[in-house]
1. Size of the dipole of the stretch 117-266 about the Cα centre, Lys and Arg at +1 and Asp and Glu at -1 on the beta carbon, nothing else charged, in debye to 20?
2. Rounded, prolate or oblate: which fits the stretch 536-587, taking a ≥ b ≥ c as square roots of the Cα gyration tensor eigenvalues, rounded meaning a/c under 1.5, else prolate when a/b beats b/c?
3. Please give the net charge around VAL486, taking every other residue with its beta carbon less than 11 angstrom from that of VAL486, where Lys and Arg add +1 and Asp and Glu add -1.
4. According to the Cα gyration tensor, what semi-axes, each the square root of 5 times an eigenvalue, does the equivalent ellipsoid of the stretch 360-423 have, listed from largest to smallest in whole Å?
5. By how many degrees, between 0 and 90 and to the nearest 10, does the Cα long axis of helix 347-356 differ from the longest principal axis of the chain?
6. If the only charges are +1 at each Lys and Arg Cβ and -1 at each Asp and Glu Cβ, what is the size of the charge dipole of the stretch 258-596 around the Cα centre, to the nearest 20 debye?
7. Determine the calculated [θ] at 222 nm for the chain from helices alone, applying -39500 (n - 2.57) to every DSSP H run no shorter than 4 residues and normalising by the residue count; nearest 500 deg cm²/dmol.
8. Would you mind counting up the charge near GLU427? Only other residues with Cβ under 12 Å from its Cβ, with Lys and Arg at +1 and Asp and Glu at -1.
Amino acid sequence: MRCKPVIAALAAAVVLALAALPGLSALDQAYPPPLPQGSAQSVEVVDRNGDLLRAFAAPDGRWRLPVHLDEVDPEFVRMLVAYEDRRFWQHRGVDPLAMIRAAWQVLHHGRIVSGASTITMQLARLLEPRPERSLAAKLRQMARALQIERRLSKQQILELYLTYAPYGGNIEGVRAASLAWFGKEPKSLDLAQGALLVALPQSPERRRPDRYRQRAKAARDQVLARMAEGGFIAAGEVARAAAVPVNARRLALPAFAPHLAQQARRLRPHVQRHQVTLSRPIQQALEQLASETARQLGPGLSVAIMLADAHTGDVLAEIGSAGLLEERRAGWIDMTRVPRSPGSALKPFIYALALEDGLVLPETLIEDRPASFDGYRPRNFDLTYQGDVSVRQALQLSLNVPAVRLLQATVPSRLLGRLHRAGVVPELPQNKAPGLAIGLGGVGVSLKDLVQAYTVFANRGRPATLGDGVTAKPLVTGGRSMFPAVAAWHVADILSGVAPPRGTARLPIAYKTGTSYGNRDAWSIGFDGRYVLGVWVGRADGAPVPDLSGITVAAPVLFDGFARSGLKLEPLPPAPAGAVHIAAADLPAALRRFTAPDAGLPQVGPQEAALHIVYPPDGAHVDLGLASGRVVQPLMLKLQGGRAPFRVLANGVPVGEPLRSRSGLWDAGGVGFSRLSVIDARGRSASINVYLE
């Protein structure tokens, strides 16, 4: 009778397995089980909450994602153990009762009705596959199972099985299977899906749901029926699960943030699990936005987007292109890191400098007329001029001539110095000193640079250092100030009044656009009280694009990006001490109209030297009794040079009456740093920072 060899083999296996117990220590030392290393599994990149952003196939080409039991639906685990190895939690790797049962069934039915392999034995076969099916192979498998049980806990064994079990094609492990067949993590499996994943490892290729749907359904329904027969699942639930059709399509595993994921692998090649600061829901929404925008714009154009938390420095979304595999758009290039001309996107920093120096206030008038600056003749984007406008209007309309006037007064090298404080190092043309053209885009900065610099307006003048999300946690704000809080607040207040792009609903944000020379790059950077979102649109090869502009192309993406992010927008920072709106009619005479310092003046002689504040010195700490509660002393100011009368400003706000002599007193408002500026009768200015205590 042909079943006799089977009976004999099973009986011998039971006897040999039990007899092997005393010799396991020696066997362990001589032939340790081939337990897997992490390098045999897929590398995964997860977001700030642990959600999968992107996975990379294991070295052997398999999708093999590690899994922990608390990441799997507990009903699925219960069903798996009940179906495959109901005494899993009690036996030591080999189940003698199951082997005796299997032998009896063979004897009674003349064929194999059910197997006797435990989950541990199946794991041993997966870790050490052998093509032959023989008594010797079965004995080796049993010995390995006994070894594994001595080394690992039951939970670890189950987790390894759920990582290496085959599920069809190059899919291994329940996590990869759940994502590939159902598009969800295994913690969210329903009864029908769980039953299919219990059935697949027994015959993964013959039951593949994308090729053999009916076989897959039959195997799933058999699992459900067994669960009902054993009383593990109610009959009504089984009937409902059996009525669910089997999905016949294999899904792609998550593949978000491709540029950042590849960067993580380059920087830490030996790490199996990379956790970055991105938020998967936001990343997914903004990747979709970038892809849709690029399709609308046509071939060759790409889109890059970056969203950061200005309070923590965390990058929440980073889209380097409209699609990694988009060859015509050079999608493999991460355009968040490529230096390009920012157009007018640096203008807010020029205005912040002018406000800090006390040269202007938002309602100060400034000329927008054709002008030559030592041969440099800037023109507005629309080739028209507005005449006299307020500083507020000049920045909101992004007029070029007023911006250059202010940059000349505040000095281009100072603008670069302030950008350096924010951790931004613009690229200048080779062997060129910083000139006035940098205010209109004559330098190279990246999208990440701009987002990092704009965090200053959400942080009361202090920039955040954006993390790369890979090697270390980002630095939190609190370092060196880029601008006084008053100047940063005025700029944010002005930009909050910029009209939204045509056809777009207004949002509680402030924003600025930029268009580089020749319509090569379109920018839009916006912020609320916490988040900064930056958008770049253009060609990766730098070719000009007709009609490309920040306001018409990039700004709508910015507003749509904020809307799709799902973030609850926060109010812009409140006005700091000393920051007030002053109507044009209430401005002091020296601030009603901007006049460039020393513009058109004759050579200054010895009797009229340049204006300086000689006391207190810049950066001094002066004890006025403010912190101790003693009698508060006014601060003595001493000036040198310049021409009276002298207008004094504290943190950009005029104080007291103009000084008729080169000394005077100022009643300090409170403890801390203050920015003191003095403007003389000819519009020349001097400024210091002083700490009052």
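Readers should treat all values here as calculations from the given coordinates under stated rules, not as data from a laboratory. Only a predicted model underlies this, so the values are computations on that prediction, with no experimental measurement involved. So basically every Cβ, Gly included, is an ideal-geometry build from the backbone, and we count neighbours across all protein chains shown.
1. On the way: 26 positive and 12 negative charges, 84 e Å.
So the magnitude is around 400 debye.
2. Values: a/c = 3.56, a/b = 1.74, b/c = 2.05.
Judged from the Cα gyration tensor, the stretch 536-587 comes out oblate (a/c at least 1.5, b/c at or above a/b).
3. Working: positive: ARG460, ARG675; negative: GLU356, ASP493.
Net charge in that neighbourhood comes out at 0.
4. They are 21, 15, 11 Å, listed from largest to smallest.
5. Roughly 50 degrees between the two axes.
6. Numbers: 35 positive and 27 negative charges, 115 e Å.
It works out to roughly 560 debye.
7. Working: 20 runs with 223 residues, N = 693.
One gets -10000 deg cm²/dmol as the mean residue ellipticity at 222 nm.
8. Values: positive: ARG340, LYS432; negative: ASP449.
Net of charged neighbours comes to +1.
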